[in-house]
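Peer 1: Mind looking over this structure? Questions follow.
The values are calculated or read from the model by the stated rules, or taken from the named source; none is laboratory data. The structure presented is a predicted model; accordingly, all values stated were derived computationally and were not measured. No Cβ is skipped: glycine too gets one built from the backbone with ideal geometry, and neighbour counts run over all protein chains shown.
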Amino acid sequence: MSSAAKHFGPLLFLGSALLLAQGPGGYNPEPGVDLSGNWGPVFHEDAHERGPGPELVNYLGLPITDGARMYALAWDASRFTVPEHQCEVHIVSYIYRGPLNLKIWDERDPVSQKLVAIKQYIDNYEQTRTIWMDGRPHPPDAAPHTWMGFSTGKWEGNILTVYTTHLKQGWIRRNGLRHSDQTTLVEHFIRHADHMIHVSIVTDPLTLTEPLVKSQDFVLRVQTGQVWLYPCEPVVEIERPRGAVPHYLPGENPFLHEFADHYKIPVEAALGGAETIYPEYQTKLTKSTPAGPSAK
Amino acid sequence: MKLGTVLSVIACLATIASAQDVQTIPVQGNVYLITGAGGNITVQIGDQGVLVVDTGLAGTSDKVLAAIRKLSPKPIQYVLNTHVHADHTGGNDAIRKAGATFTGANVTGNLVDIANGAQLFAQDNVMQRMSAPSGKQPPVPTANWPTETYVSGRKPMFFNNEPVIMIHQPHAHTDGDSLVFFRRSDVLVTGDIFVTTSYPFIDLERGGSIQGEIDALNTILELAIPGRQDEAGTYIIPGHGRICDAPELLEFRDMVTIVRDRVQASIKKGMTLAQVKAAGLTKDYDARYSAKSGIGTNDMFVEAVYKSVSQKK
């Protein structure tokens, strides 16, 4: 060892240690886990609703308000044929329910490598979502609302918790149940090795009497995810007078009993509400009149 | 709604507006939104100067002008009114006077006051509603009147390298409604034909009608083209509330049309206005759209629709 090294070696070591501990770009372990990768959905939960789609007038287990129920009962599935409705994107509070490939990656400051945002590409409807991790505030009330909303995230241990505002009106369930544009969303992304659980909590006092909690599962795909494109070009499918909106007048929904009769449950249960979520409702049902084919 | 009630609501709005700060939000292209001064105010800026759509409540103009000056030091050359109501025209005098009209040759020489203040455009029915026959007291002071009106259905202009078109929507919110379309920036200003804060106010006393309202909403839908994946594209600035795009206006159009259909069906069944009001026909929309009081309540909207549909017969 040279004389200089003998003299300055300890100082160099100390300096390096300080740089590593404190300097920009140094070794400062961030909280959280790496969610990056291609994730595919697992459909064993609510498969029927998430694949083929929910039955008409099946609002079971959803804590909806009377107003939300009335909206859904007025909703005619033929509204999908109106050109302006054809390309409507599934709102972020609903989009993870569908078939999708989910790509997640970090966006980092090129100089400091600090985490600026966690980005997601959801190939169903080609949505790119940004979850800001840099502490920026949400936009003012008068700013536009979007399908993916404005999201900020933070690590709570190894759980990524995301808070979203500025949402458009969108599906609670895609059979006419909608939440409003006043909705806020809290999500938790929880990774266990190659499995990820996504929990979403939808709060909307205008259409829900209590928060709606759902979960979805994803598995990590080693193979690059299939990237679906989703070009959408609206066309006139049914000739209608200008501005016609397909809907049912109050009390005239012809499908009111269809789901209830098929599964032999009372219509009142099919119409949902917070009560229908909880086990005690089964006791109440056993005391009520058994369902049978209903007269329209 | 009676004139007195409208005035008292506007007075209330003025108190609220004066107590809050105005806020400026970039919309798209050359266009900005100013909120907090009553009705929404839209500002287009560029090399030629400043164009302002609606002027908010009287008493908020100092704040509005300060907000405009932060966007551009250039002269306000044009003020456009979307309709007659005072929460959109109350600042006409102050905003117009802060601007300038550029003229030349013998026009300026012979008419010395022609260059003082900006030009103020509105559809002709706005002028009719603001003014009164000679010798009678006009409902609106002359200083707030338009300096120019149009009657031909549309008033195009080219300003700041952008086509700007006022498009008359007859008998919608009132009988003098104009859409203002910034064609390069791709921003459409609707006035109170579209609001995100309440049910629409169909001002039957000033020539509004439910069918005209629906026709106007359908016209906006035809003009506004959403971007890829049904988002953004043409941005829409409502008379009150937040910036929207076409899919959001679509939900509003659907709501107004569905309520009209329900009321119409009830009238066909012979139901009275009181019965229709008691039937809860808007219960699915009330939580989102019904104002707690004043303009835009469910009760007021249903009454206007009922009377308008009945008038049609």
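Peer 1: Hey, can you tell me all the residues within segment A:221-241 that are part of a strand (DSSP E or B) and at pLDDT 95 or above?
Peer 2: Just the residues of segment A:221-241 that are part of a strand (DSSP E or B), to begin with: A:221.
Across segment A:221-241, there are no qualifying residues.
Peer 1: Can you list the helices (runs of 4 or more DSSP H) lying wholly within segment B:190-282 that have 2 or more residues being surrounded by 23 or more Cβ atoms within 10 Å (Cβ to Cβ)?
Peer 2: Once the helices (runs of 4 or more DSSP H) in segment B:190-282 are filtered for at least 2 residues that are surrounded by 23 or more Cβ atoms within 10 Å (Cβ to Cβ), what remains is B:210-223, B:246-268.
Peer 1: For segment B:283-309, which positions are among the hydroxyl-bearing types (S, T, Y), in a helix (DSSP H, G or I) and away from chain A (no Cβ under 14 Å)?
Peer 2: B:Y306, B:S308
Peer 1: Filter segment A:119-147 down to residues that are under 14 Å from the mean Cα position of the chain (by Cα) and within 9 Å of chain B (Cβ to nearest Cβ), then give me how many there are.
Peer 2: 4
Peer 1: For the list (1) within 19 Å of B:S185 (Cβ to Cβ); (2) within 7 Å of chain A (Cβ to nearest Cβ); (3) in contact with a strand residue (DSSP E or B) (Cβ under 7 Å, 6 or more places away or on another chain), I need the number of the one condition that B:I237 fails.
Peer 2: (2)
Peer 1: List the number of the failed condition for A:S215; all other conditions in (1) within 11 Å of chain B (Cβ to nearest Cβ); (2) exposed (fewer than 15 other Cβ atoms within 10 Å of the Cβ); (3) in a strand (DSSP E or B) hold.
Peer 2: Every condition holds for A:S215 apart from (1).
Peer 1: Can you tell me how many residues within segment A:66-83 are touching a His at 6+ places or on another chain (Cβ under 8 Å) and within 14 Å of A:E55 (Cα to Cα)?
Peer 2: Going through segment A:66-83 one residue at a time, the tally reaches 2.
Peer 1: Another question about this same structure. Answer yes or no as to whether A:G67 is more than 14 Å from every other protein chain (Cβ to nearest Cβ), among the small types (G, A, S) and surrounded by fewer than 20 Cβ atoms within 10 Å (Cβ to Cβ).
Peer 2: The answer is no for A:G67.
Peer 1: Let me ask something else about it. Please identify the pairs in which a residue from segment A:183-203 that is outside any strand (DSSP E or B) has its Cβ atom under 8 Å from the Cβ atom of a residue that is among the acidic types (D, E), counting only partners at least 6 apart or on another chain.
Peer 2: Note: pairs meeting the criteria are A:T183/A:D204.
Peer 1: With the condition being at pLDDT below 95, I'd like the strands (runs of 3 or more DSSP E) fully within segment B:136-179 carrying at least 2 qualifying residues.
Peer 2: none
Peer 1: Consider B:D124 carefully, then state whether it is of a type in the set (D, E, K, R) and more than 14 Å from chain A (Cβ to nearest Cβ).
Peer 2: Criteria met by B:D124.
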